[in-house]
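Comments concern the structure below.
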Amino acid sequence: MEAHPALARLRARFDERILGTHAHRGDATAEVAAASILEIATFVRDDPALAFDLLVDITAVDYLGSVPRFEVVYHLYSLSRNQRLRLKARVPEESPRLASVTPVWRGANWLERETYDMYGIVFEGHPDLRRIYLYPEFEGHPLRKDYPKEKRQPLVRREDLDAPQAERTEQRERAGYGRWQ
Amino acid sequence: MRDTVAGNKVPFTEDLHTEPMEIQMGPSHPATHGTVRIALRLDGERIIDAGIEVGYLHRGFEKECESGEWYQAIPYTDRLNYVSPMINNVGYCLAVEKLFGVRVPPRCEYIRVIASELSRMSDHFTCLGAAALELAATTPFLYAVQAREHIWDLHEALCGARVTTNYVRIGGLQSDLPPGFADLCRQKVQAALAIFADVDRLLTDNPIFRERMEGTGRAPAETLIAHGVTGPLLRAAGVAYDVRRAQPYLVYDRLDFDVPVGNAGDNYDRYLVRVEELRQSVRIIEQALRDLPDGPVDIDDPRLRLPPKGKVFNRMEELIAQFKLVTEGMRPPAGEVYQAVEGANGELGFYLVSTGSGQPWKCRCRAPSFSNTQAMRDMIQGALLADIVPTFDMINMIGGECDR
């Protein structure tokens with residue numbers, strides 16, 4: 001039996017799609033099957049006993065060396081029930097893809113863009129998945145554990161500097177810089 | 001006319017026979033305090049759409065933290081929200097202490113409350129003063145900054161620095177209160193409030209200020225919740241969510257304070273909520289100074305804090321403990337925690353993952369400014385171009401925190 005009521009409810013509803021739970025230091029945590037993340041997210045928001053209406057945070061953790069490599073972490077809060085929940089879903093290195101939860105919480109938009117920018121995890125169904133902090137020409141995803149901290153990338157590549165101005169502008173526009181949200 | 005989410009009316013461009021105009025606002029705009037680029041599509045003075053771009057102050061906070069030891073992240077947290085650095089210090093250290101499963105002595109908790117509330121005051125002074133400045137009222141800004149100077153004097157008394165405080169330590173504090181701090185604190189806080197009373201008199205009933213603030217930037221509570229907005233913005237829309245009250249940390253459950261809420265959810269309510277929060281912070285500080293217990297400020301745990309020097313020089317166990325802590329660093333047990341505190345702009349959270357080593361495997365900061373800035377598009381769509389300035393002021397986007 002689960003000690004935490006929210007975890008017990010998730011277990012009862014989704015059974016084997018809840019891969020593991022814990023409440024380390026009182027933080028209710030459920031690891032869920034990556035394929036079911038959208039369904040579970042919708043359930044935890046709409047179920048009156050859970051009502052996790054506030055999406056606090058989305059981020060990822062890179063467990064380099066373990067399989068699957070990435071873990072996407074969702075922190076939720078329920079304003080009416082005053083409780084927190086952490087959902088986690090593992091995605092593999094070779095195809096880091098996961099359904100977007102933007103249909104459930106609109107605030108997921110920027111948070112998923114940030115996770116994509118930093119870890120290269122692709123959120124399927126996201127309305128506008130592009131880098132949020134770094135520039136479009138940036139290569140790699142800096143928060144991955146195999147991205148060296150000391151690595152430097154010039155803001156503009158040498159070959160772009162040699163190209164004529166009009167061509168450079170066109171390249172930037174093609175890359176989506178300044179596109180409407 | 002069509003309705004936007006925020007309930008503002010947008011005239012169809014066909015009615016006016018004008019072409020939409022596209023202009024860029026920022027990233028370095030004189031009327032915004034925060035580096036953000038807003039790509040606007042305008043129909044005359046009306047905003048049809050706004051694309052908000054953040055990231056101009058991205059410095060790789062997480063990457064830096066992951067490559068240092070646990071305590072080395074504390075100075076970086078100063079630079080998240082550099083207007084209220086103490087709250088970030090407290091939030092991070094509380095999260096690491098949660099990983100260890102320890103609680104600091106009561107005196108330390110009271111001092112951390114005082115430090116947090118001082119920082120909240122300095123943040124609100126900056127926000128309200130800068131808002132006035134950007135609406136072309138220079139005098140209130142100067143008064144607010146003068147009030148903030150008193151708070152920064154107190155920061156200086158606590159830790160020697162005015163802005164980059166680096167005051168809180170994992171398992172304790174950099175130092176105990178200096179002699180005579182309680183009297184100095186009462187005096188400075190009252191002086192700051194007295195100066196701010198002038199700002200209040202200049203702004204709160206000022207017809208020009210109210211004209212710019214009332215009814216602008218309005219968004220219903222559901223929209224804000226969907227965007228993950230917290231803090232004064234959410235409270236101004238009538239939702240009384242405050243981490244200090246909902247899930248008390250430190251000793252906030254023993255202190256008496258009110259959580260002000262608005263009902264209109266417009267910029268003026270956000271202003272009023274912040275003004276009232278200033279007064280509540282003063283109440284909290286006075287109670288904390290009154291109830292401040294005696295005792296140590298550092299936890300008696302050699303895994304977190306260095307043992308006292310007298311024991312290190314004379315006893316074997318303490319010598320070993322000091323040697324291990326200095327050479328290996330502190331090693332929280334493996335696990336993951338999320339700890340939230342009420343920052344000046346909303347819920348500030350730290351999500352830490354430890355693998356049991358001397359370095360954080362993951363050090364994530366959940367910044368309130370990030371979610372709050374995201375919701376701005378809904379607040380300004382269909383509004384006038386001039387409404388961006390008060391709305392952005394009341395969102396109080398802090399670049400260091402939003403972009404990390």
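The values are calculated or read from the model by the stated rules, or taken from the named source; none is laboratory data. A quick note: this is a predicted structure, and the numbers were derived from the prediction, not measured. Reconstructed Cβ throughout: ideal geometry from the backbone, glycine too, with neighbour counts over all protein chains shown.
Checking each residue in segment B:272-330 for being part of a loop (DSSP other than H, G, I, E, B) and among the aliphatic types (A, V, I, L, M) picks out B:Leu292, B:Val297, B:Ile299, B:Leu304, B:Leu306, B:Met330. When restricted to residues that are under 19 Å from A:Glu71 (Cα atoms) and either within 8 Å of another protein chain (Cβ to nearest Cβ) or of a type in the set (S, T, N, Q) (or both), segment A:132-144 contains 2. Considering only residues that are part of a loop (DSSP other than H, G, I, E, B) and crowded, with 22+ Cβ neighbours inside 10 Å, which ones fall in segment B:224-239? Hits for segment B:224-239 are B:His227, B:Gly228, B:Val229, B:Thr230, B:Gly231, B:Ala237. Counting only strands (runs of 3 or more DSSP E) wholly contained in segment A:80-126, the ones carrying 2 or more residues that are within 14 Å of chain B (Cβ to nearest Cβ) occupy A:83-91. Candidates B:Gln374, B:Gln381, B:Gln322: the one that is over 28 Å from B:Tyr76 (Cβ atoms) and either surrounded by 18 or more Cβ atoms within 10 Å (Cβ to Cβ) or small (Gly, Ala, Ser) (or both) is B:Gln381. Given the condition assigned by TED's automatic domain parsing to the domain that holds B:Asp387, modelled with pLDDT of 90 or more and β-branched (Val, Ile, Thr), answer yes or no: does some residue in segment B:143-158 qualify? Yes, segment B:143-158 contains a residue that is assigned by TED's automatic domain parsing to the domain that holds B:Asp387, modelled with pLDDT of 90 or more and β-branched (Val, Ile, Thr).
Do you know which residues across segment B:309-354 are β-branched (Val, Ile, Thr) and within 29 Å of the chain's Cα centre (by Cα)? B:Val337, B:Val341, B:Val353 - these are the residues of segment B:309-354 that are β-branched (Val, Ile, Thr) and within 29 Å of the chain's Cα centre (by Cα). Only one entry in B:Arg162, B:Arg103, B:Arg112 is away from every other protein chain (no Cβ under 14 Å), surrounded by fewer than 24 Cβ atoms within 10 Å (Cβ to Cβ), charged (D, E, K, R) and over 30 Å from B:Ile208 (Cα atoms), namely B:Arg162. Counting only residues that are more than 20 Å from A:Pro142 (Cβ to Cβ) and not aliphatic (A, V, I, L, M), segment B:64-99 holds 16 of them. Residues satisfying the criterion are absent from segment B:183-190 (criterion: within 16 Å of B:Asn396 (Cβ to Cβ) and either modelled with pLDDT of 90 or more or surrounded by fewer than 17 Cβ atoms within 10 Å (Cβ to Cβ) (or both)).
Can you confirm whether segment B:240-249 contains a residue that is more than 24 Å from B:Gln339 (Cα to Cα), of a type in the set (D, E, K, R) and part of a loop (DSSP other than H, G, I, E, B)? Looking for residues that are more than 24 Å from B:Gln339 (Cα to Cα), of a type in the set (D, E, K, R) and part of a loop (DSSP other than H, G, I, E, B), one finds none in segment B:240-249, hence no.
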